[in-house]
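Here is the structure we will look at, set down as structure tokens.
Quick note: the coordinates plus some simple rules give every number you see, no bench work behind them. All of these numbers come straight from a predicted model, not from anything done at the bench. FYI the Cβ positions are ideal-geometry reconstructions off the backbone, even for glycines, and counts take in every protein chain you see.
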2 protein chains.
Amino acid sequence: MKSLATLAIAAAAFTLAAPVSAQSFAKPEDAIKYRQGAFRVMSAHFGALGAMANNRAPFDPQAAARHGDVIALVSHLPFAGFAAGTDKGENTRAKAEIWTEQPKFRAAAEKMQSEVGKLAAAAKTGNLDNLKAAFGPAAGSCKACHDDFRRD
Amino acid sequence: MKSLATLAIAAAAFTLAAPVSAQSFAKPEDAIKYRQGAFRVMSAHFGALGAMANNRAPFDPQAAARHGDVIALVSHLPFAGFAAGTDKGENTRAKAEIWTEQPKFRAAAEKMQSEVGKLAAAAKTGNLDNLKAAFGPAAGSCKACHDDFRRD
């Protein structure tokens, strides 16, 4: 159980992780690619966990725990990439509401971070039913933000 | 010092982190975007750390420690995205040698993971000279792999 405990500490520690600062991006495109990159990483690990939660892949408790940790850690990164002036670009689906409704956007981000934190904790229990129970609310928190703040 | 110790544990724990499996990618493009996303995230945090190491930004020990941890953790992720059949795509600069010279590619990846692990440890000492000393070898390990395995 030592490794699971250690991973729990890892996840807890990373709720403190500060993202790169907006000043780190030389160009708006860099910020856009950074946030998209972080979401891509989350998406792949979320998909792998979802496959287990939805019985499309065998439940692998160790892999599930690791996917949950990656998702929880990376969930804190992308939002630095939504700096002012990064609302326009060839390849972004970000809606203007991200910047015009900052408190709502921030709340949606924090809701997602909270839900994927719970998902990571559930994945670490080694119990598939716990994973299933936590997966829906986490997926819902992703979708809610996409619905409001991302173009189709 | 507690938070620094906790982050050290976080970094240590994540050396164990298994990436998503190749089977998680429905299409080659998904694997390509995943590995590029992970490298983008690393690159941004590496750039922020490099700015401190090269006196282009003020040394912020706490931020440096966090950047180092993000880099070290994410360094273990992208290589699952180099699955067989993902050598061709519109938007990849991956050279065929990645697949034809697997042991060499793997060694270059492990060298980079080792060097950024040392960089993360150096960043946590709170000493800018340590950060400077570790930054060059880490940057060199990135460049060496790019030179051999990435098209210009």
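Any of A:K33/A:K111; A:K124/B:K118; A:K33/A:K95; B:K111/B:K143; B:K33/B:K95; A:K111/B:K124 with alpha carbons more than 19 Å apart? Name them for me.
Numbers: A:K33/A:K111 23 Å; A:K124/B:K118 28 Å; A:K33/A:K95 16 Å; B:K111/B:K143 11 Å; B:K33/B:K95 16 Å; A:K111/B:K124 30 Å.
Beyond 19 Å between Cα atoms: A:K33/A:K111; A:K124/B:K118; A:K111/B:K124.
For peptide A:41-52, how many partner chain Cβ atoms fall within 10 Å of a residue's Cβ, on average? Could the numbers behind the result be given before it?
Values: counts 15, 1, 5, 15, 5, 1, 6, 7, 2, 1, 2, 0.
Per-residue shielding by partner chains comes out at 5.
Hey, got the average number of other protein chain Cβ atoms within 10 angstrom for residues in A:53-63?
Values: counts 0, 0, 0, 0, 3, 0, 0, 2, 0, 2, 5.
Mean partner-chain Cβ count within 10 Å for A:53-63: 1.
Assuming R0 = 35 Å, can you tell me the calculated FRET efficiency for the pair B:S114 and A:F59, based on Cβ-Cβ distance, to the nearest 0.05?
Details: r = 33 Å, r/R0 = 0.93.
It comes to 0.60.
Put a point 7 Å out from Cα along the line to Cβ at B:A133; what are the distances to that point in the other copies, in nm, shortest first?
Once sorted, the set of distances for B:A133 reads 5.1 nm.
At a Förster distance of 51 Å, what's the computed FRET efficiency of B:R106 paired with A:T100, Cβ-Cβ distance as r, to 0.05?
Working: r = 47 Å, r/R0 = 0.93.
Working from the Cβ atoms, E equals 0.60.
In what sequence, highest mean first, do B:47-60, B:66-79 appear when ranked by Cβ atoms within 10 angstrom? Write out the running numbers ahead of the final one.
Values: B:47-60: 17.4, B:66-79: 25.9.
The most tightly packed comes first, giving B:66-79, B:47-60.
If each label sits 7 angstrom from Cα along the C-beta direction, how far apart, in nm, is B:E97 from its counterparts in the other copies?
Values, ascending and in nm: 4.9.
Using a Cα-Cα cut-off of under 20 Å, which aspartates and glutamates could be cross-linked to A:K88, ignoring same-chain neighbours fewer than 8 residues away?
A:E29, A:D30, A:E97, A:E101, A:D147, A:D148, A:D152
What is the packing order of peptides A:97-107, A:137-147, A:34-44, taking the mean over residues of other C-beta atoms within 10 Å and listing the highest first?
Details: A:97-107: 14.1, A:137-147: 16.7, A:34-44: 25.1.
The most tightly packed comes first, giving A:34-44, A:137-147, A:97-107.
Averaged across the residues of B:86-98, what count of C-beta atoms belonging to other chains lies within 10 Å of each residue's C-beta? Intermediate results must be reported in sequence, preceding the final value.
On the way: counts 0, 0, 0, 0, 0, 0, 0, 0, 0, 0, 0, 0, 0.
That works out to 0 on average.
Taking A:G85 in one copy and the same position in all the others, each labelled 7 Å out along Cα→Cβ, what are the pairwise distances from the first, in nm, shortest first?
Nearest first, the other copies' label points are 4.4 nm away.
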